[in-house]
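K.L.:
To start, I am sharing the structure in question, which I have written as structure tokens.
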Amino acid sequence: MRLTRIGLTGGIAAGKSTVAEMWRARGATVIDSDVLAHRAQAPGTATYQKIVATFGPAILNPDATLNRRQLGEIVFADAARRQALNAIVHPVVRAEWQQALAAATTTTVAVIPLLFEVGAEKEFDWVVVVGCSAATQLARLVAKGLTAAQAQARVQAQLPVPTKMDRGDFVIWNDGSLAVLQQQAEMLWTKIKER
């Protein structure tokens with residue numbers, strides 16, 4: 001019997017990772033594409049070398065790691081540069097999460113922020129979208145240290161949250177408290193496990 005595969009996506013700063021951790025506590029295997037991307041971009045990897053060749057040594061920290069904030073400034077200001085970065089990173093990350101899905105022995109949750117943007121929805125039994133209002137997204141990003149303009153650029157670089165919600169099988173709305181988020185996550189987990 002094939003195990004249930006859940007694609008977990010949504011807007012930036014909507015709470016995807018928090019929901020994934022709640023489900024990990026319920027026994028799910030969690031695959032986080034952001035973690036895979038960071039690993040793929042470590043110094044010495046082919047992905048790292050391609051990024052440095054494309055964007056130049058100005059995006060490196062003194063210890064030769066990628067300066068993600070500097071790289072973010074470049075790619076969120078220029079759609080063509082963002083596309084170039086995505087073309088380097090996304091295929092590697094996709095291959096990694098596909099391999100992890102194939103090896104999973106429990107219900108699997110793959111956290112993929114750009115799931116619809118990369119056309120990965122067909123890889124999953126269910127797609128769950130975590131959404132929140134644009135005001136909440138911006139406030140959370142600013143609280144993490146971004147300027148309002150940087151936060152806005154990141155929000156605008158993704159499909160609008162309502163579009164993602166329309167395309168998902170289930171929606172978790174995270175504009176309230178952590179307790180409300182937990183309640184929604186628990187109810188949906190139970191519903192998915194019963195199907």
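Every read-out reported here was derived from the displayed coordinates using simple, explicitly stated rules and does not represent laboratory data. Everything numeric in this text was worked out from a predicted model, so none of it was measured. With ideal geometry, Cβ positions are generated from the backbone for all residues, glycine too; neighbour counts draw on all protein chains shown.
K.L.:
Can you tell me the FRET efficiency between R26 and A135 if r is taken as the Cβ-Cβ distance and R0 is 35 Å, rounded to the nearest 0.05?
P.N.:
Values: r = 30 Å, r/R0 = 0.87.
Approximately 0.70, to the nearest 0.05.
K.L.:
Between their Cα atoms, which of K50/K122; K50/K144; K144/K191; K16/K193 are more than 26 Å away from each other? Walk me through the intermediate numbers first.
P.N.:
On the way: K50/K122 29 Å; K50/K144 28 Å; K144/K191 33 Å; K16/K193 19 Å.
Beyond 26 Å: K50/K122; K50/K144; K144/K191.
K.L.:
What number results when the radius of gyration of segment 5-194, computed over Cα atoms, is divided by 2.2 N^0.38 Å?
P.N.:
Normalised Rg, Cα atoms only: 1.04.
K.L.:
Another question, then. Stretched out fully, how many nm does the piece from R81 to E123 gain, at 0.36 nm a residue minus the Cα gap?
P.N.:
Numbers: separation 42, 0.36 × 42 = 15.12 nm, distance 2.74 nm.
Value of the extension gain: 12.4 nm.
K.L.:
Hey, another quick one. Given the -39500 (n - 2.57) contribution per DSSP H run of 4+ residues, what per-residue ellipticity at 222 nm results for the chain, rounded to the nearest 500 deg cm²/dmol?
P.N.:
Details: 9 runs with 104 residues, N = 195.
Result for the chain: -16500 deg cm²/dmol, rounded to the nearest 500.
K.L.:
With a sphere of radius 15 Å drawn around the Cβ of F55, what net charge do the other residues whose Cβ falls strictly inside it have (Lys, Arg +1; Asp, Glu -1)?
P.N.:
Neighbourhood net charge equals +3.
K.L.:
Place a +1 charge on the Cβ of each Lys and Arg in the chain and a -1 charge on the Cβ of each Asp and Glu, then give the dipole magnitude about the Cα centre in debye, rounded to the nearest 20.
P.N.:
In debye, rounded to 20, the chain gives about 100.
K.L.:
May I ask for the net charge around A13, where only other residues with Cβ less than 10 Å from the Cβ of A13 are counted and Lys, Arg are +1 while Asp, Glu are -1?
P.N.:
+4
K.L.:
Working from the alpha-carbon coordinates of segment 14-112, get Rg over Rh, Rh being the Kirkwood radius.
P.N.:
1.03
K.L.:
I'd like to compare 58-71, 6-19, 101-114: which one has the highest average count of other Cβ atoms within 10 Å, and what's the full order after that?
P.N.:
Working: 58-71: 13.1, 6-19: 24.0, 101-114: 18.9.
Highest-to-lowest ranking by the protection proxy: 6-19, 101-114, 58-71.
K.L.:
For the chain, give the share of DSSP beta bridges that are antiparallel, in percent and rounded to the nearest 5; count only bridges with both residues there.
P.N.:
Antiparallel bridges make up about 5 percent of those DSSP assigns within the chain.
K.L.:
Could you tell me which residue out of I31, A148, Q158 lies farthest along the dipole of the chain toward its positive end? Charges go on the beta carbon: Lys and Arg +1, Asp and Glu -1, centred on the Cα centre.
P.N.:
So the residue furthest toward the plus end is I31.
K.L.:
Would you calculate the convex hull of the Cα atoms in segment 1-45 and tell me its volume per residue in Å³?
P.N.:
Spelled out: Cα convex hull of segment 1-45, divided by residues, is 106 Å³.
K.L.:
Below 14 angstrom from the Cβ of K191, what's the summed charge of the other residues (Lys, Arg +1; Asp, Glu -1)?
P.N.:
-1
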